[in-house]
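Participant: The structure is given below, and queries will be raised subsequently.
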Amino acid sequence: MPTILSRARPETRKIAAVLAKEILNKPLKINSALILALSGDLGAGKTTFTQSFIKNCGIKKRITSPTFLLIRSYKLKAENYQLIYHIDAYRIKKSKELLSLGIKEILNNNKNIILIEWPEKIRKFLPRQTIWIKFKHGKKENERIIKINQN
């Protein structure tokens, strides 16, 4: 499980950019969507990471968190993936709330990349091969500790 120290927001963006390019160039061979579950406290860097990841997948639009919409999707021009989803489960009270939004179909499509903030709230829907990325505040104000765990 790699642990990365980010000393500032630009470093967090760069980490996300490197991961995005790696995934687009060398996709995982799995039967479901590629899922990045981003967990951690408020202000720990999840949204910064997500915005940079999506931008580095070639999306030119302004990337905003779907806190009130729950899910945003963006069309990709990648060879191995068609859509990238940004899910913000912060406001979810019960994981079943996402069923009406087609969460099972989104998770099962291996042409999708999905980034989920607050994934703990919908853990029961996530497949075993989900990549968990944990964000923690470091000792200094702008430091972040990022741990990546891939099953």
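None of the figures in this text is laboratory data; all of them are computed from the coordinates on show. Every value quoted in this text rests on a predicted model; they were computed, and no experiment measured them. Here the Cβ positions follow ideal geometry from the backbone for every residue, glycine too, while neighbour counts run over all protein chains shown.
Participant: Using alpha carbon centroids, what distance separates the stretch 37-78 and the stretch 6-20, in Å?
Facilitator: Each part reduced to its Cα centre gives a spacing of 13 Å.
Participant: For the stretch 1-52, evaluate the Debye formula with one uniform point scatterer on each Cα (no solvent term) and list log10 I(q)/I(0) at q = 0.19, 0.30 Å⁻¹, rounded to two decimals.
Facilitator: Per q value, in the given order, log10 I(q)/I(0) is -0.74, -1.32.
Participant: Suppose only helical runs count, i.e. DSSP H with n ≥ 4. What mean residue ellipticity at 222 nm does that imply for the chain under -39500 (n - 2.57) per run, divided by all residues and rounded to the nearest 500 deg cm²/dmol?
Facilitator: Estimated from H runs of four or more residues: -6500 deg cm²/dmol.
Participant: Next question, about the same structure. Report, to two decimal places, the Cα Rg of the chain normalised by 2.2 N^0.38 Å (N = number of residues).
Facilitator: Rounded to two decimals, the normalised Rg is 0.97.
Participant: Among I113, I59, I84, which one shows the highest mean-square fluctuation when the chain is modelled as a Gaussian network with alpha-carbon springs under 10 Å?
Facilitator: The residue that fluctuates most here is I59.
Participant: What dipole magnitude, in Debye to the nearest 20, does the stretch 50-140 give about its Cα centre under +1 on Lys/Arg Cβ and -1 on Asp/Glu Cβ?
Facilitator: 320
Participant: Under the Kirkwood approximation applied to all pairs of distinct alpha-carbon atoms, what is the hydrodynamic radius of the stretch 73-151 in Å?
Facilitator: 14.2
Participant: Here's a follow-up. About the Cα centre of the stretch 41-101, how large is the charge dipole given +1 on each Lys and Arg Cβ and -1 on each Asp and Glu Cβ? Please answer in debye to the nearest 20.
Facilitator: Here the stretch 41-101 has a charge dipole of around 200 debye.
Participant: So, one more: Kindly put E117, E143 in sequence by how many other C-beta atoms sit within 10 Å of each C-beta, fewest to most.
Facilitator: Ranking E117, E143 by Cβ neighbours within 10 Å, fewest first, gives E143, E117.
Participant: Tell me, what is the Rg over Rh of the stretch 9-94, with Rh the Kirkwood radius over Cα pairs?
Facilitator: Here the Rg-to-Rh quotient is 0.95.
Participant: Here's a follow-up. Per residue of the stretch 107-118, what does 6.51 cos²θ - 1.76 cosθ + 1.60 with θ = phi - 60° give for ³J(HN,Hα)? Whole Hz please, x for Gly and Pro, Karplus curve as stated.
Facilitator: Those phi angles translate into 5, 8, 8, 6, 9, 10, 10, 10, 10, 10, 8, 6 Hz.
Participant: Considering only DSSP beta bridges whose two residues both sit in the chain, what percent are antiparallel, to the nearest 5?
Facilitator: Taking every DSSP beta bridge within the chain, about 50 percent pair in antiparallel fashion.
Participant: Relative contact order of the stretch 1-66, please, whole-number percent, based on alpha carbon pairs below 8 angstrom and at least 6 residues apart.
Facilitator: 42
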